[in-house]
Amino acid sequence: WQHVLDCLAGYLSLIEKIDGGLVPGSGAWNFGPNHSEAVLVSDVVSRAKEYLGQLAPTFAVEKSETKEESYLSLNSSKANFLLEWTNYYSLDEAVRDSLSEAVAPGSWDARTHILSEIDRLLSRRPS
């Protein structure tokens, strides 16, 4: 459910810290929600339907023969600890922001919106 700007903020923070010599540039880095914030896909869909109201599409979930993991997550503890990184968007904010164009079609300017969201995200980052 993570907002793309949360990931972007993590990678930008990583670049700053590597450039400043504060963290090593090698190794894997993950930027994902904390395990305590994990939700089911159905929870994300419910929030989206709630936000979209009558605009929400209807669909049916079909049983799949494909074997899938029942739980997927990223271990972001390295980023949490060494970069002091965390998600800035809550689930509700991520859903609302991701669907805002659908709710107000025609009155939504993508460039203005994303620049506003980047400014908002930057204002939340620790100095």
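The values are calculated or read from the model by the stated rules, or taken from the named source; none is laboratory data. Quantities reported herein were computed from a predicted structural model and do not represent experimental measurements. Note: ideal-geometry Cβ built from the backbone for every residue, glycine included; neighbour counts use all protein chains shown. Just so you know, the surface numbers come from the protein's heavy atoms only, side chains and all, with ligands and any DNA or RNA stripped out. Shrake-Rupley method; radii C 1.70, N 1.55, O 1.52, S 1.80 Å.
Would you check if there is a residue in segment 31-44 being under 18 Å from Tyr89 (Cα atoms), open to solvent by less than 70 Å² (accessible area, probe 1.4 Å) and touching a Cys at 6+ places or on another chain (Cβ under 6 Å)?
yes
Which members of segment 42-73 meet the condition of being assigned to a helix (DSSP H, G or I) and among the aromatic types (Phe, Trp, Tyr)?
Tyr51, the sole residue that qualifies.
For segment 1-35, which residues satisfy the criterion of being touching a Leu at 6+ places or on another chain (Cβ under 7 Å) and of a type in the set (S, T, N, Q)?
Ser13, Asn30
Taking the criterion of being open to solvent by less than 80 Å² (accessible area, probe 1.4 Å), part of a loop (DSSP other than H, G, I, E, B) and modelled with pLDDT under 85, would at least one residue in segment 75-89 satisfy it? Working first, answer last.
Step one: of segment 75-89, the residues open to solvent by less than 80 Å² (accessible area, probe 1.4 Å) are 76-80, 82-83, 85-89.
Now restrict to residues that are part of a loop (DSSP other than H, G, I, E, B): 76, 83, 85-89.
Then drop every residue that is not modelled with pLDDT under 85, which leaves none.
No - not one qualifying residue is present in segment 75-89.
So Ile114 ticks every box in (1) modelled with pLDDT under 85; (2) assigned to a helix (DSSP H, G or I); (3) open to solvent by 80 Å² or more (accessible area, probe 1.4 Å) but one. Which box is left unticked?
Just one mismatch for Ile114, condition (3).
Can we say Leu99 is under 22 Å from Ala48 (Cβ atoms), assigned to a loop (DSSP other than H, G, I, E, B), modelled with pLDDT under 90 and aliphatic (A, V, I, L, M)?
When the stated conditions are applied, Leu99 does not pass them.
Exactly one condition in (1) within 24 Å of Cys7 (Cα to Cα); (2) open to solvent by less than 60 Å² (accessible area, probe 1.4 Å) is false for Leu52; which is it?
Among (1) within 24 Å of Cys7 (Cα to Cα); (2) open to solvent by less than 60 Å² (accessible area, probe 1.4 Å), the lone unmet condition for Leu52 is (1).
Which of the numbered conditions does Ile15 fail, given that it passes all the others? Conditions: (1) open to solvent by less than 70 Å² (accessible area, probe 1.4 Å); (2) not in a loop (DSSP other than H, G, I, E, B).
It fails just one condition, (1).
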